[in-house]
1. If we count every other residue with Cβ under 14 angstrom of M221's Cβ, Lys/Arg +1 and Asp/Glu -1, where does the sum land?
2. Probe of 1.4 angstrom, ligands and nucleic acids ignored: what's the accessible area per residue over the range 233-389, in square angstrom?
3. Please arrange H291, H329 by accessible surface area, largest first, computed with a 1.4 Å probe and ligands excluded.
4. Can you give me the Cα centroid spacing of the range 275-320 and the range 191-263 in angstrom?
5. How large is ³J(HN,Hα), in whole Hz, for each residue of the range 361-378 in order, when computed from phi with the Karplus curve 6.51 cos²θ - 1.76 cosθ + 1.60 and θ = phi - 60°, using x for Gly and Pro?
6. Using modelled backbone amide H atoms (1.01 Å from N, in-plane), which distant-in-sequence or interchain residues come within less than 5 Å of Y250's amide H?
7. Rounded to the nearest 500, what is the chain's calculated 222 nm mean residue ellipticity when only DSSP H runs of at least 4 contribute -39500 (n - 2.57) each, over all residues?
8. Tell me the Rg and the Dmax, in Å, that the Cα atoms of the range 300-412 produce.
Amino acid sequence: METTPLNPARRRLLAGSAGALTVAGLATSGVARASEQAGSKAAAAPAASAAKPLPAYAAWKDPDSVIVHSANTIETRRGAFGDGVITPARELYVRNNLPPPDASILDDRDAWAVEIQGVKQPRTLTLGELKTLGVETMATVLQCSGNGRGFFPHQPSGTKWQVGAAGCVMWTGIPVRTLVEYLGGLEGDPAYMTGTGGEKLPDGLDPKTLMVERSVPRDTMQDAMLAWEMNNEPLSLAHGGPLRLIVPGYTGVNNVKYIKRLAFTTEQSPVKIQQTSYRLAPLDAKPGPEHPSAWAMTPKSWVTAPGADGEPVKAGRQLVRGVAFCGIHAVKRVDVSLDGGKTWKQATLVGPDLGKYAWRQFALAVELPAGEHVLASRVEDTEGNVQVEERVENVRGYLNASWRDHALKITVS
Ligand SMILES: Nc1nc2c(c(=O)[nH]1)N[C@H]1C(S)=C(S)[C@@H](COP(=O)(O)O)O[C@H]1N2
Ligand SMILES: [Mo]
């Protein structure tokens, strides 16, 4: 297998961080320890040999910007988000519940077929035909339900994502409502919109236990999209090409990749990923349909600079920067703390406002004396909902938005 060596700048950066207690999280959390280990592992590696290699379908990602947890779970480093609002494709996280389909599904993109059900004139349309019916572009935050799981002290099973199973990207495709209108409107009064992924399932196993099929409340169709481009490029296999459902404001799993069926249904999908996975169940409960589904995202923000990946921070003037979003509502304001939440100052929202489903960048000019600092951020949405201080405990570690957990501890010298 081919490995890509670290670029010289990145190698210097990592070497500079060796030994320093630098990476995210409060020292008391299990994750701080985990990320220190990850950091020192990277620092000790002069070549990329200690890091896991990128899988073939995502070999075009920037190895210096991501943490490869496994072939199907790749996250963006906290310090890699940069200062532009859009996350470049080469830095965006990847999460597959199943191995992605064969790359040959991209050979003839316009021939990809999607079945639309639960409308007055149900039928199968090709991507080529969809492109003649309507087009729109929108920015959304794509964030895995389990982003921030690594900060849960009870060590839930699943990838210990820190902050980087998220990004803000541009989608181009056909609004679902335009497609529904074209097909004569909804049939009856369905409660859900259900998307089915196009993975080929292994023989001999019950498809219901594996299939990626997700139901979301019907009215999400007003802003949802079937997208064929991401950041102005044809959608890659890693991100669900040739065609993907985007449900803005909803967690990653609801954004079904390689979509082959979109149905308006009276019931939620009977598959495991809908019924028992992605449920917010108390710590002592067995997750099931009686628990809330991981649907809309909640207000969340985190600091991305300075010192996010352990690079040295000099005493004096610094710009604390980060990203903030509020799921289905717009960002109103972001406050920043340099002392772990004892005192707060309002930050400035920067960059273009790409709509309520995109994230906003924020910045605050500060004077940082030498010593340890805990940089926290807290966002409030236009409805008055404020990012939570403490995580909402749940057995599988979903939807962590705690500003305490996401605070960044840095050492300034
Ligand atoms: N068909 C299909 N769609 C899917 C998945 C999948 O495994 N198969 N994973 C989901 C999950 S859990 C997440 S977080 C997002 C990840 O999107 P990305 O890989 O483009 O970042 O896709 C979602 N859509
Ligand atoms: Mo996810």
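The values are calculated or read from the model by the stated rules, or taken from the named source; none is laboratory data. Since we're looking at a predicted model, the values are computed, not measured. A quick note on method: Cβ atoms are made from the backbone with ideal geometry, for glycine too, and the neighbour counts reach across all protein chains shown. These area figures cover heavy atoms from the full protein model, side chains too; ligands, DNA and RNA do not enter into them. Shrake-Rupley method; radii C 1.70, N 1.55, O 1.52, S 1.80 Å.
1. Once positives and negatives cancel, what remains is -3.
2. Accessible surface, normalised per residue, equals 38 Å².
3. So the residues, ranked largest to smallest area, are H329, H291.
4. Between the Cα centres of the range 275-320 and the range 191-263 lies a distance of 22 Å.
5. Residue by residue, the range 361-378 yields 8, 9, 8, 9, 7, 9, 9, 10, x, 4, x, 9, 9, 10, 8, 10, 9, 9 Hz.
6. Amide H neighbours of Y250, under 5 Å, 5+ apart: M297.
7. Numbers: 6 runs with 43 residues, N = 413.
Taken over the chain, the calculation gives -2500 deg cm²/dmol.
8. Rg, Dmax (Cα atoms, Å): 14.0, 42.
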